[in-house]
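Single-structure report; data block below.
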Amino acid sequence: MNADQRRRVAVLGLTAPAYLWLVLTIFLPLSAMLYFSFLTEAPFGGRQPVATLAHYRSILTKDLYLDLTWRSLRMGMDVTIACILLGYPAALALARHVKGRWREAMFLLIVLPFWSNALVRTFSWTMTLRGDGLVDRAIHWVVPGMPSLDILFSYPAVVVGLVHAYLPYMILTCYVSLQAIDESLIEAARVLGAPGRTVFRRIVLPLSLPGLLAGTVLIFVPVIGSFMEPRILGGVAGSAMLGTVIEEQFTRIFNWPFGAALSFTLLAIVLLILGLAAPFLRRTLRTA
Amino acid sequence: MKASTKVPGLLSLSLRLYLGLVLFFLYLPIAVMMIMAFNRSSLYLLPIEFDTVWFEALADNWRLIDAGVNSVALAIVNTVVATALGTAAALAMARYRFRGRTLLQLLLFPPITIPWLIIGTSMLVMFFWIGIGRGFHAMLLGHVALSLPYVIVVVGARLKSFGTGLEEAAATLGATPWQAFRRVSVPVMAPGVVAAALFAFAVSFDQFVISYFLAPPGVSTLPVEIYSSIRKGFTPEINAISTIIILVSMALMLAISRFYRFGGER
């Protein structure tokens with residue numbers, strides 16, 4: 001074996017298992033799902049399915065599914081905007097006003113809940129948002145005249161739960177681009193007499209835009225595909241989303257081809273967003 | 001960061017205060033849940049009467065215990081497989097330029113960027129179709145796929161930060177490729193591999209969506225079992241087990257942070 005052959009064997013031996021695994025668990029399943037979405041019924045138990053466009057036609061024409069899609073997108077926007085408004089100032093504080101050991105500790109404190117169990121954290125909101133619960137009582141103790149906090153099993157509860165779940169993403173991506181800003185730029189602007197507000201508007205904000213955008217995509221995409229949070233926190237009214245309907249097709253109604261078509265519609269939206277944001281995302285992730 | 005001292009103190013102070021509020025928001029529900037796990041009332045009624053009755057009840061809840069055993073076993077097997085496969089792939093990607101490198105990188109994207117709902121349902125469809133079915137093995141297939149990107153990124157970052165200089169030096173000094181790997185590459189990689197393994201464990205232990213679609217009745221993991229309990233109606237035992245899970249997850253993350261710096265350079 002010469003050196004080139006040996007090299008080739010090494011590469012193949014090292015990467016083949018990961019390749020095969022990902023092809024079997026990611027590529028082939030997505031292909032199978034695409035195939036299923038064009039069938040009249042699932043090809044199990046000797047049934048003879050026929051090719052059809054009916055699933056996509058009903059998704060694209062029936063008001064119910066257009067409405068569900070819109071609700072999912074709306075939820076994605078609400079959660080993302082809330083995360084920007086809450087997360088950006090936090091990232092700014094972390095990157096520019098906290099230093100050394102403190103910053104390290106704060107960083108860890110923000111990442112910790114983010115990496116703990118998402119289901120458990122969603123569940124924890126059912127106890128926090130209930131009327132006459134611990135938090136409700138605390139609020140009334142401080143401000144006696146307040147209306148009850150009772151928003152559990154509603155759309156706002158879903159938004160609160162999702163913001164809680166994804167806020168750290170926004171803080172982290174904004175932090176990364178904020179702390180990469182060259183200090184001399186800001187100093188130069190100050191020396192030239194720019195007031196703090198102008199420095200922020202003309203230098204800090206534009207330079208941190210890539211991080212803001214990365215956070216937006218990283219939050220928007222999983223949120224429009226969420227089903228567990230709306231199920232647990234949304235009750236009947238707040239859980240009618242694309243994600244929960246897909247879950248139902250696969251676990252309750254067992255209309256897999258239709259569920260597959262819904263999943264692919266969602267995937268198409270996701271890919272569109274990722275495609276549009278790809279150039280910006282790549283830049284931010286490289287610095288992260 | 002010198003310039004931050006020049007920022008008006010009031011703005012700086014209020015931003016720092018705000019950061020504290022954000023942390024309060026992040027930890028509030030977790031704290032409430034933990035407190036309620038020690039409350040005697042099964043209906044979460046106040047005032048709180050301290051009791052460990054729900055933790056004791058866990059000892060008799062065989063559904064949760066079985067699910068817990070499944071979760072830990074799955075996470076351990078997942079850690080071993082994903083760390084081995086991922087470390088090998090990361091080595092190849094860091095040390096060699098080869099055709100198909102971009103394809104492999106591309107295959108690593110879906111597990112992190114596409115909603116798990118889509119991945120989970122498509123695995124269900126595919127596995128059912130070709131006869132793999134649902135169960136422990138199917139969940140393992142899914143968990144490893146989700147863990148691989150993390151392992152490859154974490155180990156890859158470690159390898160990249162060291163470059164190939166040390167290995168080349170070893171080779172120049174007469175080491176065989178195997179010796180160079182054993183005595184140079186392995187010690188260099190080790191902290192990255194440990195962090196990657198902890199990540200893989202955490203990914204699997206906390207994974208709900210994929211497991212949910214691939215768990216047949218009777219074989220579930222803790223998150224799947226908790227989800228069905230929540231949907232059936234609240235039980236404070238779930239608070240107790242959730243408290244334990246959160247503490248385990250956080251301990252894991254603290255362990256990782258000893259090997260891996262979040263957010264890069266500080």
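A few points about this structure:
- Filtering region A:1-23 to residues that are surrounded by fewer than 13 Cβ atoms within 10 Å (Cβ to Cβ) and not in a loop (DSSP other than H, G, I, E, B) leaves A:Ala3, A:Asp4, A:Gln5, A:Arg6, A:Val9, A:Gly13, A:Leu20.
- Complete set of residues in region B:251-266 that are at pLDDT 70 or above and facing chain A (nearest Cβ under 7 Å): B:Met253, B:Ser257
- Residue satisfying condition, being within 23 Å of the chain's Cα centre (by Cα), more than 30 Å from A:Tyr35 (Cβ to Cβ) and among the basic types (Lys, Arg), within set A:Arg282, A:Arg190, A:Arg231, A:Arg201: A:Arg282
- Condition check for B:Leu124: within 9 Å of chain A (Cβ to nearest Cβ), part of a helix (DSSP H, G or I) and farther than 26 Å from B:Phe259 by Cα: yes
- Within the option set A:Ala118, A:Ala95, being at pLDDT 85 or above, more than 28 Å from B:Leu222 (Cβ to Cβ) and of a type outside the set (Val, Ile, Thr) holds for one residue only, A:Ala95.
- Among residues of region A:49-65 that are in a helix (DSSP H, G or I), none has a beta-carbon under 9 Å from a residue that is modelled with pLDDT under 90 and aromatic (Phe, Trp, Tyr) at least six positions away or on a different chain.
- Test: A:Gly87 is surrounded by 13 or more Cβ atoms within 10 Å (Cβ to Cβ), within 12 Å of another protein chain (Cβ to nearest Cβ), closer than 29 Å to B:Ser229 by Cα and not aliphatic (A, V, I, L, M): no
- Test: residue in region A:179-199 that is part of a helix (DSSP H, G or I), buried (at least 24 other Cβ atoms within 10 Å of the Cβ), of a type outside the set (D, E, K, R) and more than 9 Å from every other protein chain (Cβ to nearest Cβ): no
- Pair list, Cβ under 8 Å, 6 or more apart: region B:1-19 residue assigned to a helix (DSSP H, G or I) and surrounded by 12 or more Cβ atoms within 10 Å (Cβ to Cβ), other residue small (Gly, Ala, Ser) and modelled with pLDDT of 60 or more: B:Ser4/B:Ser12; B:Leu11/A:Gly196; B:Leu15/A:Ala93; B:Arg16/A:Ala93; B:Tyr18/A:Ala90; B:Tyr18/A:Ala93; B:Leu19/A:Ala90; B:Leu19/A:Ala93
- Selection of first residues in region A:118-138 that are more than 7 Å from chain B (Cβ to nearest Cβ) and touching a residue at least 24 places away in the same chain (Cβ under 8 Å) and of second residues that are outside any loop (DSSP other than H, G, I, E, B) and charged (D, E, K, R), restricted to Cβ pairs under 8 Å at least 6 apart or on distinct chains, gives the following pairs, ordered by first then second residue: A:Thr122/A:Glu229.
- Among the residues of region A:24-60, the one identified as surrounded by fewer than 15 Cβ atoms within 10 Å (Cβ to Cβ), at the interface with chain B (Cβ under 9 Å from one of its Cβ atoms) and modelled with pLDDT of 90 or more is A:Ser31.
- Flag if B:Leu104 is facing chain A (nearest Cβ under 8 Å) and assigned to a helix (DSSP H, G or I): yes
The rows are residues; the columns are (1) more than 11 Å from every other protein chain (Cβ to nearest Cβ); (2) buried (at least 24 other Cβ atoms within 10 Å of the Cβ); (3) over 21 Å from B:Ile210 (Cβ atoms).
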site: A:Ile219; (1), (2), (3): yes, yes, no
site: A:Val223; (1), (2), (3): no, yes, no
site: A:Pro230; (1), (2), (3): yes, yes, no
site: A:Val236; (1), (2), (3): yes, no, yes
site: A:Ile246; (1), (2), (3): no, yes, no
site: A:Gln249; (1), (2), (3): no, no, no
site: A:Thr265; (1), (2), (3): no, no, no
site: A:Val270; (1), (2), (3): no, no, no
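The values are calculated or read from the model by the stated rules, or taken from the named source; none is laboratory data. Treat the numbers as computed from the prediction; the structure is a model and nothing was measured. So basically every Cβ, Gly included, is an ideal-geometry build from the backbone, and we count neighbours across all protein chains shown.
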